[in-house]
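Everything on this sheet refers to the single structure shown next.
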Amino acid sequence: MSLTQIIRFPTHSDERGSLIALEGNDMIPFDIKRVYYIFGTQSGVSRGFHAHVHLKQVAVCVAGKCKMRLDNGHEQQEIWLDSPDKGLLIEGLIWREMHEFSPDCVLMVFASEPYDESDYIRNYTEFLHQAGL
Ligand code: TYD
């Protein structure tokens, strides 16, 4: 499975502007149980630094951009989230970090489960252990 699974969202554009509509079990390939968004991130600040055991997520910068760094323990990939029509599907045991937020960045995340701290792995050594490394 590729680390960076991009979903391109269909955009309804006309002379008034653009609209993107996202539905669960369609463009978002799971039941959406939670939506959260990150904004106002200060220059030089990075976030994330965790993996999830079961959670699936789709992340999209609806404004601005940030760089997502993904790591499955074997390989690392970086990808810019820099368009409201560019979703990144993150599923499986993947360590994720977000870097280089633009001042106007609004990073929206659709999640398959409610917030559950017990689903987080926040220690990189523990992540490698769980990944069988
Ligand atoms: P945190 O996991 O540190 O964010 P990031 O992954 O971007 O580094 O979350 C910041 C705070 O928000 C923390 O106190 C937990 C809380 N939080 C919720 O209450 N619900 C949520 O769905 C999320 C993602 C975080």
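Under the convention that each Lys and Arg Cβ holds +1 and each Asp and Glu Cβ holds -1, the size of the dipole of the chain around its Cα centre is about 180 debye. Using Cα centres only, tell me the gap between the range 100-133 and the range 1-50 in whole Å. The range 100-133 and the range 1-50 have Cα centres spaced 15 Å from each other.
Amide H to amide H distances under 5 Å link GLY64 with VAL106, where only residues 5 or more positions off or on other chains count and H is placed in the peptide plane. Near ILE90, once Lys and Arg are set to +1 and Asp and Glu to -1 for all other residues with Cβ below 9 Å from its Cβ, the sum equals +1.
Taking 0.36 nm per residue of separation and subtracting the Cα-Cα distance, what length does fully extending ARG16 through LEU133 add? All intermediate terms of the calculation are to be shown ahead of the outcome.
Details: separation 117, 0.36 × 117 = 42.12 nm, distance 5.18 nm.
That works out to 36.9 nm of additional length.
For the chain, averaging the sequence separation of C-alpha pairs within contact (under 8 Å, six or more residues apart) and dividing by the residue count gives a relative contact order of 34 percent. Across the range 100-107, computed HN-Hα scalar couplings (Karplus, 6.51 cos²θ - 1.76 cosθ + 1.60, θ = phi - 60°) run 6, 5, 6, x, 8, 5, 10, 9 Hz from first to last residue, x flagging Gly and Pro. Sorting THR41, THR11 by the number of Cβ atoms found within 10 Å of their own Cβ, with the fewest placed first, yields THR11, THR41.
Bear in mind these aren't lab numbers, they're just calculated from the coordinates by the rules spelled out. From a predicted model like this one, the values you see are computed outputs, not experimental measurements. Virtual Cβ from ideal backbone geometry, glycine too; neighbours counted across all protein chains shown.
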